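Have a look at the structure below, then the notes.
The values are calculated or read from the model by the stated rules, or taken from the named source; none is laboratory data. All of these numbers come straight from a predicted model, not from anything done at the bench. Every residue, glycine among them, receives a Cβ derived from its backbone with ideal geometry; neighbour counts consider all protein chains shown. Side chains included, ligands, DNA and RNA excluded: accessible areas come from the protein's heavy atoms. Shrake-Rupley method; radii C 1.70, N 1.55, O 1.52, S 1.80 Å.
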There are 2 protein chains.
Amino acid sequence: MKATSCGPTNVERDLRPVEGDEADEELATLAKALGHPARVQIVRLLVRRTSCVCGDIVDELPLAQSTVSQHLKVLKEAGLIKGEVDGPRVCYCIEPRALRRLKVLVAGL
Amino acid sequence: MKATSCGPTNVERDLRPVEGDEADEELATLAKALGHPARVQIVRLLVRRTSCVCGDIVDELPLAQSTVSQHLKVLKEAGLIKGEVDGPRVCYCIEPRALRRLKVLVAGL
DNA sequence: CGCTTTCATCGTAGGATGACGATGGTCTCC
DNA sequence: GGAGACCATCGTCATCCTACGATGAAAGCG
């Protein structure tokens, strides 16, 4: 079972409804993940650099490494980003599908 | 100084930048306000009914009146909704500008 | 004036968040 | 194998969130 880097996942995500209880939960989860300036900044960073970044994120933020790692975890659990181990480093990248999903849900308000 | 119901406020809001630290803060604040299913539901309710709704919101949600009131407060503080006193009741309505602003900020990711 | 309705606020309890330093695990390189 | 780099996780503390019932304030009605 190989993990394809930054490849597609949750293929059916785009097909889910934009309204209803489930959509509310989904939107709330995604919005909550974005509900912190540091995490907004991280998402922007990862969107900017099409390529995956690593612990450079720590250098960009005025936060301790452990704190940044926690924010990354929150974003990862919300499905907005993805981390891939690359030797001693970990490369993070946007999950375009989740971001698109967020945009659709917000636009649907 | 009369409070015009559901009228325009924060007129310059649309003109603010979509990126930068201030935009990050703004997006984080708005996203955080949406970061709870009940609040997403409330926003949807208020968007649906163009007219302002009142404590009908309480009837629509499976939550105690005080809890709903707190969620309304959170949304109000984020600027997403607005409440206007109408006799013994309070009518809430969407702040279209803030909602538009949120859409722009999310779309700008 | 009292009574009711409608909301907001207070007080509170349990759980979640955000921040940090310290620790530990896993590669790479020597 | 050992050293160092990189990152996640643990432990901890302070703060915030979420939920509720109880209490209060304001407006309308008899």
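When residue A:32 is tested against (1) surrounded by fewer than 13 Cβ atoms within 10 Å (Cβ to Cβ); (2) within 14 Å of another protein chain (Cβ to nearest Cβ); (3) within 8 Å of DNA strand D (Cβ to nearest atom), exactly one condition is not met: (1).
Take the conditions away from DNA strand C (no atom under 14 Å from the Cβ), over 14 Å from residue A:29 (Cβ atoms) and either more than 14 Å from chain B (Cβ to nearest Cβ) or open to solvent by 30 Å² or more (accessible area, probe 1.4 Å) (or both) and apply them to residue A:89. Does it pass? No, not satisfied. Residue pairs whose Cβ atoms lie under 6 Å apart, sitting 6 or more positions apart in sequence or on different chains, and linking a residue in region B:21-38 that is hydrophobic (A, V, I, L, M, F, W, C) to a partner that is in a helix (DSSP H, G or I) and open to solvent by less than 10 Å² (accessible area, probe 1.4 Å), are B:27/A:40; B:27/B:105; B:28/A:40; B:30/B:102; B:31/A:31; B:33/B:75; B:34/A:31; B:34/B:40. Helices (runs of 4 or more DSSP H) fully within region B:39-109 that include at least 2 residues being more than 15 Å from DNA strand D (Cβ to nearest atom), touching a Lys or Arg at 6+ places or on another chain (Cβ under 9 Å) and hydrophobic (A, V, I, L, M, F, W, C): B:96-107. Residue B:69 meets each of the listed conditions (1) over 19 Å from residue A:23 (Cα atoms); (2) in contact (Cβ under 8 Å) with a residue 40 or more places away in the chain; (3) over 9 Å from the mean Cα position of the chain (by Cα) apart from (2).
For region B:68-86, enumerate the residues that are open to solvent by less than 70 Å² (accessible area, probe 1.4 Å) and of a type in the set (Lys, Arg). B:82, the sole residue that qualifies. Listed conditions (1) open to solvent by 40 Å² or more (accessible area, probe 1.4 Å); (2) more than 15 Å from residue B:107 (Cα to Cα) are all met by residue A:37, apart from (1).
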